[in-house]
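Engineer: Let me give you the structure first, and then I'll get to my questions.
The values are calculated or read from the model by the stated rules, or taken from the named source; none is laboratory data. Remember, predicted model here, so these are calculated numbers, not experimental data. No Cβ is skipped: glycine too gets one built from the backbone with ideal geometry, and neighbour counts run over all protein chains shown.
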Amino acid sequence: MNKEELIRAVKVLAKEKGITEDEIFGYIEDGLNAAYKKNFGGATNSVVNLNRETGDIKVFSRKVVVDEINMEDDEDSQILLEELDDKKGFKVGDVIEEEVTPRDFGRIATSTCKQVFTQKIREAERESIMNEFQDKEGELLIGTLAREDKQNYYVDLGRVNGILPKTEIIPGEELTMGSKIKVYVVKIELGQKGGPVILLSRSHYGFVKRLLENEIPELNEGIVILYSVARDAGSRSKIAVYSENEKVDAVGACIGEKGVRINSISKELNGEKIDVVKYDKDIVTFVKNALSPAKDLEVYILDDKGKQVLAVADGDNLSLAIGKRGQNVKLAARLTKCRIDVKTPSKVQEEGINIYKYYEA
């Protein structure tokens with residue numbers, strides 16, 4: 001590689017790896033200096049200068065002028081003032097550089113330089129990628145499905161592939177290689193080999209939160225506030241929203257005209273149903289809302305902290321409150337952060353449950 005090719009290669013590499021040209025030149029200089037020390041006497045006071053414009057490489061011996069050699073420091077990097085032939089113009093503390101570039105330095109240095117340079121580039125690239133993605137945890141990204149194995153899908157995110165475990169996709173969805181895909185960043189960490197590992201998910205409840213924020217401007221603007229999300233991936237999600245502005249219909253804003261907004265999100269979730277309910281500071285009202293589509297419920301608080309709740313219902317409303325395989329009440333419990341028991345009036349009486357009514361419709 002001649003000098004012009006070296007300069008061009010540095011520019012291309014800097015663009016591809018997201019590293020500055022100056023950093024790369026520095027790594028080359030470090031590699032060349034290591035090669036010089038290995039092949040030409042092992043002096044520790046050498047420095048290599050690579051001209052960023054011309055590609056010229058020179059090696060210098062650098063010494064600090066002292067009045068007494070300090071044995072605790074590197075002796076090679078010190079020179080006594082009295083040893084200088086011409087003492088005029090020099091004083092203690094000055095640095096003297098003498099070019100010591102060997103005639104066949106380029107040929108000998110190549111192999112050693114390559115090893116050090118490659119290592120430095122890998123380290124810098126890993127650090128650059130970590131810096132780029134470190135604030136992406138908990139965010140929504142768009143990538144391309146690049147490949148898969150028995151356990152994972154690998155999503156091309158630009159400079160690195162994220163890992164989407166097959167246990168983290170939406171149940172029932174089919175993914176096609178080469179297609180664009182939205183993913184939620186669960187965690188970013190260093191792998192065993194020191195490289196960044198980006199763990200992704202489409203079944204995480206945070207995925208629903210970020211989709212809502214993307215689709216509903218009022219959420220990003222703070223007009224509507226998302227209180228909580230409970231999700232049974234691939235089947236149903238419940239979200240609780242509210243607005244501090246009484247004139248704003250928070251639930252309506254999320255659903256959109258003729259359901260266009262919520263349907264768009266449901267489509268991204270492979271048809272997953274989404275219940276939008278209104279959050280209320282009054283826990284009884286909130287629990288009633290969370291247990292929709294059930295209606296005409298009586299709700300009682302069973303403890304001082306408001307975390308043990310009894311919902312009393314009968315007939316069709318009992319089935320709706322509980323839901324298929326208990327799904328509705330489980331999601332409502334996660335949404336409200338309460339333990340919710342649903343019973344019929346006769347069951348309450350039969351069990352002799354001691355309740356006090358907090359609110360009754």
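Engineer: Suppose we filter the stretch 172-191 for residues that are in a loop (DSSP other than H, G, I, E, B) and of a type outside the set (S, T, N, Q); how many remain?
Structural biologist: Number satisfying all stated conditions: 7.
Engineer: When you check ILE188 against the structure, is it within 20 Å of ASP135 (Cβ to Cβ), at pLDDT below 95 and touching a strand residue (DSSP E or B) at 6+ places or on another chain (Cβ under 9 Å), yes or no?
Structural biologist: Yes.
Engineer: Of the residues that sit in the stretch 295-306 and are touching a residue at least 12 places away in the same chain (Cβ under 8 Å) and in a loop (DSSP other than H, G, I, E, B), which one is nearest to LYS273 (Cα to Cα)?
Structural biologist: Going through the stretch 295-306, the residues touching a residue at least 12 places away in the same chain (Cβ under 8 Å) turn out to be 295-302, 306.
Next, only the ones that are in a loop (DSSP other than H, G, I, E, B) stay: 295-297, 302, 306.
On the way: LYS295: 19, ASP296: 23, LEU297: 23, LEU302: 31, GLY306: 29 Å.
Residue satisfying both the conditions and the ranking: LYS295.
Engineer: Condition test on GLY55, is it in contact (Cβ under 8 Å) with a residue 40 or more places away in the chain and closer than 17 Å to GLN119 by Cβ?
Structural biologist: Working: in contact (Cβ under 8 Å) with a residue 40 or more places away in the chain: yes; closer than 17 Å to GLN119 by Cβ: no.
Judged against the criteria, GLY55 is not a match.
Engineer: Only one residue in ASP280, ASP275 is in a loop (DSSP other than H, G, I, E, B), crowded, with 17+ Cβ neighbours inside 10 Å and under 34 Å from the mean Cα position of the chain (by Cα), so which one is that?
Structural biologist: ASP280
Engineer: Only one residue in SER266, SER292, SER346 is surrounded by 15 or more Cβ atoms within 10 Å (Cβ to Cβ), part of a helix (DSSP H, G or I) and without any contact (Cβ under 8 Å) to a residue 40 or more places away in the chain. Which one? Step through it out loud before you land on a result.
Structural biologist: On the way: SER292 fails: part of a helix (DSSP H, G or I); SER346 fails: surrounded by 15 or more Cβ atoms within 10 Å (Cβ to Cβ).
So the residue among SER266, SER292, SER346 that is surrounded by 15 or more Cβ atoms within 10 Å (Cβ to Cβ), part of a helix (DSSP H, G or I) and without any contact (Cβ under 8 Å) to a residue 40 or more places away in the chain is SER266.
Engineer: So in the stretch 307-338, with the set limited to residues that are at positive phi and not in a helix (DSSP H, G or I), which one is nearest to the chain's Cα centre (by Cα)?
Structural biologist: That would be LYS337.
Engineer: Restricting the stretch 68-92 to residues that are at pLDDT 75 or above and part of a loop (DSSP other than H, G, I, E, B), which is farthest from GLU5 (Cα to Cα)?
Structural biologist: GLU68
Engineer: Every residue in the stretch 192-220 that is charged (D, E, K, R) and not in a loop (DSSP other than H, G, I, E, B), please.
Structural biologist: LYS209, ARG210, GLU213, GLU215, GLU218 - these are the residues of the stretch 192-220 that are charged (D, E, K, R) and not in a loop (DSSP other than H, G, I, E, B).
Engineer: Among the listed residues ILE239, ILE301, ILE322, identify the single one that is within 22 Å of ILE170 (Cα to Cα) and outside the structural domain of LYS166 (by TED's automatic domain parsing).
Structural biologist: ILE239
Engineer: Would you please name the residue that is surrounded by the most Cβ atoms within 10 Å (Cβ to Cβ), looking only at residues in the stretch 221-237 that are in a loop (DSSP other than H, G, I, E, B) and among the small types (Gly, Ala, Ser)?
Structural biologist: This residue is ALA233.
Engineer: Check off (1) out of contact with any Ser or Thr (no Cβ under 9 Å at 6 or more places or on another chain); (2) touching a residue at least 40 places away in the same chain (Cβ under 8 Å) for LEU157 and give me the number that stays unchecked.
Structural biologist: With respect to (1) out of contact with any Ser or Thr (no Cβ under 9 Å at 6 or more places or on another chain); (2) touching a residue at least 40 places away in the same chain (Cβ under 8 Å), LEU157 is out only on (1).
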